[in-house]
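The values are calculated or read from the model by the stated rules, or taken from the named source; none is laboratory data. Since we're looking at a predicted model, the values are computed, not measured. No Cβ is skipped: glycine too gets one built from the backbone with ideal geometry, and neighbour counts run over all protein chains shown. We work out accessible area using only protein heavy atoms, side chains counted, and drop any ligands, DNA or RNA first. Shrake-Rupley method; radii C 1.70, N 1.55, O 1.52, S 1.80 Å.
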Amino acid sequence: MPHIQLNQVSKSFKGVTIFENMNFAVEKGKIYGIIGPNGSGKSVLFKLICGFIFPDHGSVIVDGEELGTNKRFPNNFGIIIDRPGYIAGKTGFDNLKALALIRNKINDDKIKKTMKMVGLNPESTQKVKHYSLGMKQKLALAQAIMEDQQTLILDEPFNALDAESVENIRNLLRKFKQEGRTILLTSHNQEDIDILCDEVYRINHFKLEKVK
Ligand SMILES: Nc1ncnc2c1ncn2[C@@H]1O[C@H](COP(=O)(O)OP(=O)(O)OP(=O)(O)O)[C@@H](O)[C@H]1O
């Protein structure tokens, strides 16, 4: 059974078709790359997979359960889609702490360890409103991985990162894959896609076309 399965999914917005009878299957433990020009539907695909939006027709099935029936959101997904709504007047740590309290699964040490992993200083008193773009991106990554989420849905995870940080995050994602986690990512940088992904799909004519 595939980990994630989209069956004959159609989705349009105000008469503009994004997907039509699209099928996609994701196995555990691989890194998938989704490519396509601006506005082709990469974020829409990820939102369908996360249960943020639902198909007009067809189904999205995660671990055998269809989203939108009994199941609203998949469990254990780490997600970067659009920029999360941070509390601008709080520090990075305090923002992550507020998110961690929702599930209450992890302690402060784990949050701090995760911040270091992505290249943020957990002791910094700097408020998020004064963060650079790259620092905000690292914070987004931190929230997606801090609870050891086993499936990562990452829309443009390398956005705004400097070369050293890109290398660091690439290594992190490789390590996650070795641990058996599943990763779906988009990137406009072909090198990220080539280096990291086991399978690559391009959005073409309202469907996913396998290119690797
Ligand atoms: N909630 C919505 N309501 C109306 N239209 C939407 C909505 N969400 C997405 N769209 C439209 O769907 C299309 C696909 O958008 P999407 O954000 O998935 O593109 P993308 O491939 O991620 O682009 P980019 O590379 O710029 O991130 C766009 O034309 C967008 O305007």
Just checking, how many residues over the range 32-44 are touching a strand residue (DSSP E or B) at 6+ places or on another chain (Cβ under 6 Å) and within 10 Å of the ligand (Cβ to nearest atom)?
-> 8
Filter result (touching a helix residue (DSSP H, G or I) at 6+ places or on another chain (Cβ under 6 Å), surrounded by fewer than 18 Cβ atoms within 10 Å (Cβ to Cβ) and of a type in the set (Gly, Ala, Ser)) within the range 82-121 = ALA88
Give just the number: which of (1) out of contact with any Leu (no Cβ under 7 Å at 6 or more places or on another chain); (2) in contact (Cβ under 8 Å) with a residue 12 or more places away in the chain; (3) assigned by the TED database to the domain that holds LEU172 does VAL60 not satisfy?
-> (1)
Say whether the condition of being closer than 28 Å to ILE53 by Cα and not assigned by the TED database to the domain that holds VAL62 is met by at least one residue in the range 114-133.
-> yes
Considering the range 6-23 alone, what residues qualify as being closer than 16 Å to ILE203 by Cα and open to solvent by 10 Å² or more (accessible area, probe 1.4 Å)?
-> ASN7, GLN8, SER10, LYS11, SER12, VAL16, THR17, ILE18, GLU20, ASN21, ASN23
Subset of the range 1-31 [within 16 Å of the ligand (Cβ to nearest atom) and among the hydrophobic types (A, V, I, L, M, F, W, C)] | LEU6, VAL9, PHE13, VAL16, ILE18, PHE19, MET22, PHE24
Hey, can you tell me all the residues within the range 50-81 that are out of contact with any Asp or Glu (no Cβ under 9 Å at 6 or more places or on another chain), within 12 Å of the ligand (Cβ to nearest atom) and open to solvent by less than 50 Å² (accessible area, probe 1.4 Å)?
-> ILE53
Of everything in the range 160-201 that's surrounded by 19 or more Cβ atoms within 10 Å (Cβ to Cβ) and either at pLDDT below 95 or within 14 Å of the ligand (Cβ to nearest atom) (or both), which residue is nearest to GLY29 (Cα to Cα)?
-> LEU184
Tally, over the range 122-137, of residues that are within 21 Å of PRO157 (Cα to Cα) and open to solvent by 30 Å² or more (accessible area, probe 1.4 Å) | 6
